[in-house]
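S.K.: Here it is, the structure, as C-alpha cells.
The values are calculated or read from the model by the stated rules, or taken from the named source; none is laboratory data. All values reported here derive from a predicted model rather than from experimental measurement. Positions of Cβ are backbone-derived with ideal geometry, glycine not excepted, and every protein chain shown enters the neighbour counts.
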Amino acid sequence: MRARRRPEVLAPAGNLRGLKTAVDYGADAVYCGGKAFGMRSAPRNLSLEDFAEGAAYAHERGARVYVTLNVLPRNDEVPAIRDYIPRLAATGVDALIVTDLGVMMTAREVAPELELHVSTQAGVTNYGAAQALYSLGARRVVLARESDLQTVRDIRARIPADMDIECFVHGAMCMAFSGRCLFSNYLTGRDGNHGECAQPCRWKYAIVEQKRPGEYFPIEQTKDGAYLFNSQDMNMLAHVDDLIDSGATSLKIEGRSKSAYYIAAMTNAYKTAVDEYMRQRGFEDADGHELAPFHDRVVRADDPDFAALAARPDAVTLRADDAFSGVPGDADDVTEETPASPEPAAARATRRKANRAPSAAETAGAAPFVHAPVRPAPPVTLPDWLLAEPGKVSHRDYSTGFYYPEHKVTQNTDRSAYFRDWLVVGEVISWSPQEGGRVTIMSRNKIEPGQAVEFLLPGDPPMAYTVPDSGLRDADGLPVAEINNPAHVFSLPCPREVPVNAAIRSRTKRPTLKAE
C-alpha cells in the first residue's frame, strides 16, 4: 500500500487552456470532461487530442489529469462508453471519475491501468459505502457535499490507507443531494444528470393565488420575489487545516465552467494554503523540502493512543472493531507519529500486524461506541492577502458548506447574480528587461494612467502596480494615452519580471452583480 501523499489541490478545467493554467498555478491534479459523458456540457471540454497534449503537459510538471465520466448513462449509451474508455486511456490520463457501477466495472475490464475515483454524484456518506467501492476497485471516493468534518474523520479511520478521500473546498453548491436533481429535467427537459442543467434552482419565484391570475406574491418579503433553492457558494480557504486534519486527501475546487482567471486565482490560493499548512505543521521547510512524513491527525482504532483519546469528552461513537479489515495487507504504511514526537519503534512494529483490531486492554476505559477523535493541533494561520483572494473572483455569498453543523450553508433569497468586485483587465504575453523592463499584454478591459492593478503570480502574493502616467504603447510601438481597446496588444513599463499568461486585474469602480 502506498504512503499518503501531501494534500492534493485538485483544480477544474473546461478546456485545454484551463488545464494548462491550473498546472501553471500549482495544481497537483486537474479534472476535466471529454466531449461526452461528463456532468458539464456548457464548457467546450476536451477532445482526445486535447487530453493527450494536456496529460503530457501535466506530467512534465508533476501533475495528474482526471477525466469525468460521471453521467448516469442510459441503455443506448453503454456501448459508446465501452468504446470511449480505452481511447481515453490511450491519451495518458491518470484516472476516471465515475458514478455508475456499470461504467466502473467496464473501466476495470477495458482499461485496468486507469485509477477509478467515485464521483460525489454517488452520494458516499459513510465508511461502509467507501469500503464496498474499494473492494470493487475504487481508489478514491469524492464524498457527498453534505458531509461534515466528523463524517470525514470517521470514514478516514475505517478505510484502507491507500484509499483517497476527495472533498470539495470551493465553488458553487447545488441544493439537490450531491448534485442528483430532476428539477431542470422536469421544468425544461434539460437533464441535469447528463450535464445539461439549466439551473432552475437559481431562478426567481413568486406565489400566484388561483383566483387572482397575474397577481404575484413574493415568498420572502422583497419587492421582486424570492429565490427558493439558490444555494450559497462554498469557501473553505480559511479552514483548510481542519479538512486536512480530518483526513481529506484531495481538496477539490468546483468550476469547470469558470474562466481561466478563476482557475488561476483559486488554484493559487488553495495551493498556497496547503504549502502554509505543510510548513506550519512541520512537514516541510520554507523551500518545500520534507522534514517529516505527512500524516493527517485522525486516530484509528489500532493507534496506541486510541484508548486515551477515546476517553476524551469529545470522543463519541466509533466501535473498536469497525476499522477496515476486508483487504489483507499492511494498512499501517502510513505512520501516525507527529513531527515533534516520533512513535517508538516497538509500538510501530506492534501496529504492523495488518488490520488487527485493538485488544480489550487497549480500549479500556472507552465507551461501547467511540468516534475516532482528531489529534489536537494549533490552527494554521494564513496571510491576509491570501484570505482576500476568494473575494477577487466572481462569487455568490460564501459559506463553509456542511462541514460545520453549527454553520450550515443557506440559500440566497434575494438574488442569483454573482458579485464581481474585481475584473481582469489584461493578460501577459511577454516581459522584456529592455528599457528598464516592459510587459506586453493582451488587453481585456480599460487601463488608464494612475489605475491600481495587480498581477496574479503563481505561488506568490499578487504584485501591486500603479499604471504610470506615460510609457503606454500600442502594438506598433506608438504612444497611447490609455488602453481602451479590448483584445488588442499593448505594452507598458514594468520593472519586475512577470510570467507569461499572468492575469492583470483591477478593482471595479463599484461592486457589481452579474448573472451567469
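S.K.: Can you tell me which residue is nearest to I253 (Cα to Cα) among those in the range 125-142 that are modelled with pLDDT under 95 and in a loop (DSSP other than H, G, I, E, B)?
M.R.: Only one residue fits best here, namely T125.
S.K.: Only one of V103, V9 is β-branched (V, I, T) and either within 23 Å of V500 (Cβ to Cβ) or not in a helix (DSSP H, G or I) (or both); which? If you could, list the steps in order and put the result at the bottom.
M.R.: Working: V103 fails: either within 23 Å of V500 (Cβ to Cβ) or not in a helix (DSSP H, G or I) (or both).
Unique residue meeting the criteria: V9.
S.K.: Read through the list (1) free of Cβ contacts under 8 Å to residues at least 24 places away in the same chain; (2) within 15 Å of S119 (Cα to Cα), then give the number of the only condition that G33 fails.
M.R.: That leaves (1) as the condition not met.
S.K.: Let me ask another. Would you check which residues across the range 39-78 are assigned to a strand (DSSP E or B) and either out of contact with any helix residue (DSSP H, G or I) (no Cβ under 8 Å at 6 or more places or on another chain) or modelled with pLDDT under 95 (or both) and list them?
M.R.: Hits for the range 39-78 are L46, Y66, T68, L69.
S.K.: Please verify whether the range 153-171 includes one or more residues that are over 18 Å from T249 (Cα atoms), in contact with a Ser or Thr (Cβ under 6 Å, 6 or more places away or on another chain), basic (K, R) and modelled with pLDDT under 95.
M.R.: no
S.K.: Could I ask something else about it? Looking at the range 285-313, which of the residues that are touching a strand residue (DSSP E or B) at 6+ places or on another chain (Cβ under 9 Å) and in a loop (DSSP other than H, G, I, E, B) is farthest from D162 (Cα to Cα)?
M.R.: For the range 285-313, the residue satisfying everything is L291.
S.K.: Hey, another quick one. Any chance you could count how many residues in the range 459-479 are outside any strand (DSSP E or B) and within 16 Å of V424 (Cβ to Cβ)?
M.R.: The qualifying residues number 2.
S.K.: Which members of the range 474-489 meet the condition of being touching a Leu at 6+ places or on another chain (Cβ under 8 Å) and within 21 Å of A503 (Cβ to Cβ)?
M.R.: Answer for the range 474-489, where residues must be touching a Leu at 6+ places or on another chain (Cβ under 8 Å) and within 21 Å of A503 (Cβ to Cβ): E482, I483.
S.K.: While we're looking at this one, here's another question. State all residues of the range 441-473 that are over 30 Å from P383 (Cα atoms), of a type outside the set (G, A, S) and touching a strand residue (DSSP E or B) at 6+ places or on another chain (Cβ under 6 Å); if no residue qualifies, say none.
M.R.: M442, L472, R473
Let's see how each residue does on (1) farther than 30 Å from S399 by Cα; (2) in contact (Cβ under 8 Å) with a residue 24 or more places away in the chain; (3) surrounded by fewer than 13 Cβ atoms within 10 Å (Cβ to Cβ); (4) touching a helix residue (DSSP H, G or I) at 6+ places or on another chain (Cβ under 7 Å):
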{"site": "A417", "(1), (2), (3), (4)": "no, yes, no, no"}
{"site": "G437", "(1), (2), (3), (4)": "yes, yes, no, no"}
{"site": "T440", "(1), (2), (3), (4)": "yes, yes, no, no"}
{"site": "P449", "(1), (2), (3), (4)": "yes, yes, no, no"}
{"site": "L456", "(1), (2), (3), (4)": "no, yes, no, yes"}
{"site": "D460", "(1), (2), (3), (4)": "no, no, yes, no"}
{"site": "Y465", "(1), (2), (3), (4)": "yes, yes, no, no"}
{"site": "R473", "(1), (2), (3), (4)": "yes, no, no, no"}
{"site": "L478", "(1), (2), (3), (4)": "yes, no, yes, no"}
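S.K.: Residues in the range 438-456 that are under 17 Å from S470 (Cβ atoms) and among the acidic types (D, E): how many?
M.R.: Here the count works out to 1.
S.K.: Right, something else. Determine the pairs where a residue that is of a type in the set (V, I, T), located within the range 75-88, has a partner that is loosely packed, with under 13 Cβ neighbours inside 10 Å with Cβ atoms under 6 Å apart, the partner being 6 or more residues away or on another chain.
M.R.: Partner pairs satisfying both residue conditions: none exist.
S.K.: Something else about it: Among what's in the range 88-104 and is over 19 Å from V30 (Cβ atoms) and not hydrophobic (A, V, I, L, M, F, W, C), pick the residue that is surrounded by the most Cβ atoms within 10 Å (Cβ to Cβ). Explain how you work it out, then say what you get.
M.R.: The initial filter retains those residues of the range 88-104 that are over 19 Å from V30 (Cβ atoms), namely 99-104.
Keeping just the survivors that are not hydrophobic (A, V, I, L, M, F, W, C) gives 99-100, 102.
Details: T99: 24, D100: 21, G102: 12.
Result: T99.
S.K.: When the range 480-516 is examined, which residues are found to be modelled with pLDDT under 95, among the polar types (S, T, N, Q) and either surrounded by 15 or more Cβ atoms within 10 Å (Cβ to Cβ) or not in a loop (DSSP other than H, G, I, E, B) (or both)?
M.R.: Of everything in the range 480-516, those that are modelled with pLDDT under 95, among the polar types (S, T, N, Q) and either surrounded by 15 or more Cβ atoms within 10 Å (Cβ to Cβ) or not in a loop (DSSP other than H, G, I, E, B) (or both) turn out to be N501, T508, T512.
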